[in-house]
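The values are calculated or read from the model by the stated rules, or taken from the named source; none is laboratory data. Since this is a predicted model, take the numbers as computed values, not measurements. Glycine also receives a Cβ, built like all others from the backbone with ideal geometry; neighbour counts cover every protein chain displayed.
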Amino acid sequence: MSKRKDSIQHTLKIAFLVCLVCAIVVSAAAVSLRPMQQQNVEIDMKRNILSAAGMLETGRSVADQFESVETRVIDLSSGEFVDVDPDTFDQRKAAQDPAQSRRLDPSEDLASIRRLEEQSLVYIVRGADNSIETLILPVRGYGLWSTLYGFLALEGDLNTVAGLGFYEHAETPGLGGEVDNPRWKQQWVGRKVFDENGDLGLSVRRGVVERTNDYERDHYIDGLSGATLTSRGVDGLIQFWMGEDGFRTFLDNLQAGEA
């Protein structure tokens, strides 16, 4: 009997059974935890949206704070709201789906994203009179090593920046990773997206902005020291998403009351 237990066949059998039991346990755990994981992902996304807009408060649940945020889907080409459920709309998947996106020509792909989805999520905070107090727009673009995913928040005039934040990227810590530095992000607050002629003025410049120059002080952001390509990437995504292929038509429609 002992010889049978010491045989190779018996050892392999025991190993197989142990692996099978472990696989079943891991699979069951993954399935049972999936709803909780999905909920955590949603809460984290909402937290980043609120943070980008400077609305995140400590001591209150993210879910309660996000109740003031209206989530909608727009058509980027027409700049109009569309009847699509934002809770089921996956913008990242749409960007990769040829049926829901288009390939960008290199000359227009300022953000180096390759494909542009037809529709986009937008997040709106309204005042008591139903006017827009804050508009939060999802933006993305390629830096040095990765695509930076974030949100650009605008005040009710749809021109003044309320905040900018990135929730996902793989830029070099201490260099391009300084996009997460609160001091650098604070520079964005109060900057103007468009100048008095309606032209796109917001831009990340190389080096330090000349604060005595009114135009630069109103529209320019200091480049990240030692991270030229990341700075160019952030500037490129701003130029793209605030331009005609991005949210410019939608913003114009909102200004005219036609969205």
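Details
- Checking P86 against (1) surrounded by 13 or more Cβ atoms within 10 Å (Cβ to Cβ); (2) modelled with pLDDT under 95; (3) assigned to a loop (DSSP other than H, G, I, E, B); (4) not hydrophobic (A, V, I, L, M, F, W, C), the condition it does not meet: (2)
- Here the condition is being within 22 Å of L154 (Cα to Cα), among the hydroxyl-bearing types (S, T, Y) and touching a Phe, Trp or Tyr at 6+ places or on another chain (Cβ under 8 Å); of S51, S68, S77, S120, it holds for S120 alone.
- Residue count, the stretch 141-173 (criterion: of a type in the set (D, E, K, R), in a strand (DSSP E or B) and within 17 Å of the chain's Cα centre (by Cα)): 1
Yes/no matrix, rows are residues, columns are (1) of a type in the set (F, W, Y); (2) in contact (Cβ under 8 Å) with a residue 24 or more places away in the chain; (3) in a helix (DSSP H, G or I):
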site: V179; (1), (2), (3): no, yes, yes
site: K185; (1), (2), (3): no, no, yes
site: R211; (1), (2), (3): no, no, no
site: S225; (1), (2), (3): no, yes, no
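- Selection status of I43, closer than 30 Å to V122 by Cβ, at pLDDT 80 or above and of a type outside the set (S, T, Y): yes
- Residue match in the stretch 143-166 (condition: touching a Pro at 6+ places or on another chain (Cβ under 8 Å), surrounded by 14 or more Cβ atoms within 10 Å (Cβ to Cβ), without any contact (Cβ under 8 Å) to a residue 40 or more places away in the chain and not aliphatic (A, V, I, L, M)): yes
- Inclusion of D64 among residues that are loosely packed, with under 15 Cβ neighbours inside 10 Å, part of a helix (DSSP H, G or I), in contact (Cβ under 8 Å) with a residue 60 or more places away in the chain and not polar (S, T, N, Q) is not warranted.
- Residue satisfying condition, being surrounded by 17 or more Cβ atoms within 10 Å (Cβ to Cβ) and of a type in the set (K, R), within set R140, R126: R140
- Consider the stretch 1-36 and keep the residues that are of a type outside the set (V, I, T), exposed (fewer than 10 other Cβ atoms within 10 Å of the Cβ) and under 49 Å from the mean Cα position of the chain (by Cα). The one that is modelled with the highest pLDDT is S32.
- Condition check for S101: of a type in the set (G, A, S), touching a helix residue (DSSP H, G or I) at 6+ places or on another chain (Cβ under 8 Å) and free of Cβ contacts under 8 Å to residues at least 60 places away in the same chain: yes
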